[in-house]
Amino acid sequence: MMTIIWSLLKHNGKPITAYAVGTSLYLLMLAALYPSMMKTGLLEAKLQALPPEVLKAFQYDKVTGFDNVLDLLGGNYYGLIFQIIASLFLLSLAARLLARPIDNGELILYLAAPITRHQYTASAMIVMLLASTCLVLCNTFVLVMADWFVSGVSIDGMTLVRFQVNALFLLYAIGGFTLCIATLFDDERRAFSIAGSVLVLSIVLTIGAGLSEKTDWMRYGSIFSLFNTQQLLEGTRHFFWHLLILVGISVLFRIGAFISFRKRSLSI
């Protein structure tokens, strides 16, 4: 099975690297600009001019301010931006690992060898886990380097750990969902559009939940409510509960992917 994993990593290494490096460079840029933005007060002045609804959509909090660079990153990366990046990253990866090989007949080359469907599915899952871990580790490494070498940047270690662990488990859960959907359809575009529609709806529900107290119930329909940057900044009140739910979602959809891919008739 290691041969399959290596082959899939080789074919998907470039997009995985692109996402990991791209997001890390963005985080490095924000961390490097943080001291000057705080010194001039330009950032807080601009945020004060924005409507509260916009700030809630990006998970900014006027009360807490920007005492730490993670306060800035909570809105400028780990809020709405991270939701979009995570969705695109895992949608495209699931399509490349399962939906596209089924669609174009490439999967027959694997199954013609002494490789079972379970082995191929497990290999695709491992590659998605490795890709998600690579993305989070690269982001973490950049932030640690910024904390060490950029003057004026101070990152609380435990808060950073909460952010990155929660982000990693969120990626695992979304990855399990997108992979499960990819096993259901022969058409890559159909699998992509259905999984994408669900994730877009989750993003919309998260945004809608922050608009007012009357719409707060909408967050219960979104997986992204399990990665709340303000709660992560404040402490571990919901942290372990959210991780447990994300683990459950991840395991459930991965089991579903095994069952679906084993039972389905492949048009290859």
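The values are calculated or read from the model by the stated rules, or taken from the named source; none is laboratory data. The model shown is predicted, which means the values in this text are computed figures rather than measured ones. Cβ: placed from backbone, ideal geometry, glycine included. Neighbour counts: every protein chain shown. Heavy atoms of the whole protein, side chains included, go into the accessibility calculation; ligands, DNA and RNA do not. Shrake-Rupley method; radii C 1.70, N 1.55, O 1.52, S 1.80 Å.
On the basis of being at pLDDT 80 or above and crowded, with 18+ Cβ neighbours inside 10 Å, does Asn139 make the cut? Outline the logic, then answer.
Working: at pLDDT 80 or above: yes; crowded, with 18+ Cβ neighbours inside 10 Å: yes.
So Asn139 passes the test.
Give the residues of the range 189-218 that are over 29 Å from Ala99 (Cβ atoms) and of a type in the set (Lys, Arg), sorted by residue number.
Lys214
With the requirement that a residue be aliphatic (A, V, I, L, M) and either in contact (Cβ under 8 Å) with a residue 40 or more places away in the chain or open to solvent by less than 30 Å² (accessible area, probe 1.4 Å) (or both), what does the range 240-249 give you? Break it down stepwise before answering.
In the first step, residues of the range 240-249 are kept if they are aliphatic (A, V, I, L, M); the result is 243-247, 249.
Result: Leu243, Leu246, Val247, Ile249.
Select from the range 211-254 the residues that are charged (D, E, K, R) and modelled with pLDDT of 85 or more and list them in ascending order. First the steps, then the outcome.
Step one: list which residues in the range 211-254 are charged (D, E, K, R), which gives 213-214, 216, 219, 234, 237, 254.
Within the range 211-254, Arg254 is the sole residue that qualifies.
Which of the residues spanning the range 206-228 are touching a residue at least 60 places away in the same chain (Cβ under 8 Å), open to solvent by 40 Å² or more (accessible area, probe 1.4 Å) and in a helix (DSSP H, G or I)?
Scanning the range 206-228 gives a single hit, Ile207.
Run Val153 past the list (1) farther than 20 Å from Leu73 by Cβ; (2) part of a loop (DSSP other than H, G, I, E, B); (3) open to solvent by less than 20 Å² (accessible area, probe 1.4 Å) and report the number of the one that doesn't hold.
(1)
Is it true that Ala167 is of a type in the set (A, V, I, L, M, F, W, C), in contact with a Phe, Trp or Tyr (Cβ under 7 Å, 6 or more places away or on another chain) and in contact (Cβ under 8 Å) with a residue 40 or more places away in the chain? Break it down stepwise before answering.
Values: of a type in the set (A, V, I, L, M, F, W, C): yes; in contact with a Phe, Trp or Tyr (Cβ under 7 Å, 6 or more places away or on another chain): yes; in contact (Cβ under 8 Å) with a residue 40 or more places away in the chain: yes.
Answer is yes for this residue.
Would you please name the residue that is nearest to Leu73 (Cα to Cα), looking only at residues in the range 159-205 that are open to solvent by less than 30 Å² (accessible area, probe 1.4 Å), assigned to a helix (DSSP H, G or I) and of a type in the set (Val, Ile, Thr)?
The selected residue is Thr159.
Just one of Ala45, Ala18 is part of a helix (DSSP H, G or I), under 26 Å from Leu143 (Cα atoms) and at pLDDT 90 or above; which is it?
Working: Ala45 fails: at pLDDT 90 or above.
Going through Ala45, Ala18 in turn, the sole match is Ala18.
Could you pull out the residue among Arg237, Arg262 that is outside any loop (DSSP other than H, G, I, E, B), touching a helix residue (DSSP H, G or I) at 6+ places or on another chain (Cβ under 7 Å), surrounded by fewer than 13 Cβ atoms within 10 Å (Cβ to Cβ) and among the charged types (D, E, K, R)?
Numbers: Arg237 fails: outside any loop (DSSP other than H, G, I, E, B).
When all the criteria are applied, what remains is Arg262.
So that you can scan it fast, the table gives a plain yes or no per residue for (1) surrounded by 19 or more Cβ atoms within 10 Å (Cβ to Cβ); (2) within 24 Å of Val161 (Cβ to Cβ); (3) modelled with pLDDT of 90 or more:
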position: His11; (1), (2), (3): no, no, no
position: Leu27; (1), (2), (3): yes, yes, yes
position: Tyr34; (1), (2), (3): yes, yes, no
position: Val63; (1), (2), (3): no, yes, no
position: Phe89; (1), (2), (3): yes, yes, yes
position: Ala94; (1), (2), (3): yes, no, yes
position: Leu97; (1), (2), (3): yes, no, no
position: Tyr110; (1), (2), (3): no, no, no
position: Ile115; (1), (2), (3): no, no, no
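When you check Ala131 against the structure, is it farther than 30 Å from Thr3 by Cβ and part of a helix (DSSP H, G or I), yes or no? Spell out how you get there, then give the answer.
Values: farther than 30 Å from Thr3 by Cβ: no; part of a helix (DSSP H, G or I): yes.
No; evaluated as a whole, the condition is false for this residue.
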